[in-house]
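Here is the structure we will look at, set down as structure tokens.
No lab work stands behind these numbers, since they all come straight from the coordinates. The shown structure was predicted, so the numbers you read here are calculated from the model rather than taken from an experiment. Virtual Cβ from ideal backbone geometry, glycine too; neighbours counted across all protein chains shown.
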Amino acid sequence: MKFIWGKKELTFMIIPGANRRTVRFKLPHSSLYIVPSVLVLVLMGFLVTIYVMNIHSEQTKTSMQQAFDGQEQQLTQQISNQSDELEQLQIDLIALSQQADEFKAKLEEIKKLDHVLELMSQPETTNGTSKKGTSTPLSTSTKRDIGGSEQPVKPEDVSALVSSTKNGLNSLVTDINVLLGNLTESEAKIKETEYVRTITPTLWPIASHSITSGFGIRIDPFSLKPTMHTGYDLDGELGDPVYVTAAGKVITVGYDEEHGNHIIVDHSRGIETEYMHLNKITVKRGESVTKGQLIGLVGSTGRSTGSHLHYEVHKSGIPIDPKPYLITDRKDERK
Ligand SMILES: [Zn+2]
């Protein structure tokens, strides 16, 4: 290449080789100034572009960093919340498991009670065995844990607890259904037993247990001849309270020279009781009375030699020995 000076233009010659044609082209002389200027402008434009891109890149980076930080914080919060929820669920599960254990223990107590009720409703049974055999020993402890090392809960531990709690609850439901059946049956028996107890004259009619004359043949204190004494003479002070020995209905209230002031109470099922020689009567004929209710006061009216209560028990209209019936005191019966 070759420059030719001295003219208003520049001639460029390119000589590729000895046997090849020379290439020649011309440029105005002013291009010597224009080309560098253009180059400088291009370079400045390039630098400005890089600068602008750099600023934009920084802004993008900052913005992305902020977004990332926000998301990271949000995720951390979510993980923390879920961890709290999981821990709460585990606490709830443990509480549920403990409740199931406590419930099971209560159920065992109910089973025992059921067994006792069954025995109570079958007083004739003497071998003491239950025909259903539902009672089992109490085995579950409901006491609170008091110490031990602290270990993190593993997922398999939680699964095992869930499984055991579920099995325990299923077993409880089965037991409850069986118990409900037994209890319904026992309840009916107990109601019947309780009713029979209420209408059976098992009380002593006065506080005194002193028997001055028993049931059977004796020498009559007036005629001094052997006679049948159809009840018990209980030694009591004048005015001592007289209590009806079972629930029932007062069917006779009256006075005659032999029985004095007397009361007959019908207890149903063929049982009646009679109270004689009373000083005072505190019930009326036709009145319903509860077991142990005050019905009169000890006296010596009628054919009597002193203050006492003549007490009789009738079964199907026939006087029977009251002795087997005199079981409890009124104060013990009523607690
Ligand atoms: Zn008598």
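The requirement of being over 22 Å from Thr328 (Cβ atoms), crowded, with 22+ Cβ neighbours inside 10 Å and either more than 52 Å from the chain's Cα centre (by Cα) or away from the ligand (no atom under 13 Å from the Cβ) (or both) is fulfilled nowhere in segment 290-298; no residue meets it.
Does Met64 satisfy being farther than 30 Å from Thr174 by Cβ and either in contact (Cβ under 8 Å) with a residue 24 or more places away in the chain or in a helix (DSSP H, G or I) (or both)? Talk me through it step by step, then tell me what you get.
On the way: farther than 30 Å from Thr174 by Cβ: yes; either in contact (Cβ under 8 Å) with a residue 24 or more places away in the chain or in a helix (DSSP H, G or I) (or both): yes.
Yes: the conditions hold for Met64.
Taken together, the criteria exclude Gly306 from residues that are surrounded by fewer than 20 Cβ atoms within 10 Å (Cβ to Cβ), outside any helix (DSSP H, G or I) and away from the ligand (no atom under 12 Å from the Cβ). Here Leu224 fulfils each of the conditions (1) away from the ligand (no atom under 16 Å from the Cβ); (2) in a loop (DSSP other than H, G, I, E, B); (3) among the hydrophobic types (A, V, I, L, M, F, W, C) apart from (1). Within segment 280-289, if we keep just the residues that are in a strand (DSSP E or B) and surrounded by fewer than 18 Cβ atoms within 10 Å (Cβ to Cβ), the residue that is farthest from the ligand (Cβ to nearest atom) turns out to be Ser288. Among the residues of segment 207-220, not a single one is among the β-branched types (Val, Ile, Thr), under 28 Å from Gly286 (Cα atoms) and within 16 Å of the ligand (Cβ to nearest atom).
The rows are residues; the columns are (1) within 11 Å of the ligand (Cβ to nearest atom); (2) more than 52 Å from the chain's Cα centre (by Cα); (3) closer than 17 Å to Lys284 by Cβ.
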{"residue": "His229", "(1), (2), (3)": "yes, yes, no"}
{"residue": "Leu234", "(1), (2), (3)": "yes, no, no"}
{"residue": "Val244", "(1), (2), (3)": "no, no, yes"}
{"residue": "Ala247", "(1), (2), (3)": "no, no, yes"}
{"residue": "Thr252", "(1), (2), (3)": "no, no, yes"}
{"residue": "Glu258", "(1), (2), (3)": "yes, yes, no"}
{"residue": "Glu274", "(1), (2), (3)": "yes, no, yes"}
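Of all the numbered requirements in (1) surrounded by 13 or more Cβ atoms within 10 Å (Cβ to Cβ); (2) more than 16 Å from the ligand (Cβ to nearest atom); (3) hydroxyl-bearing (Ser, Thr, Tyr); (4) under 22 Å from Pro324 (Cα atoms), Ser171 misses one, and that requirement is (4).
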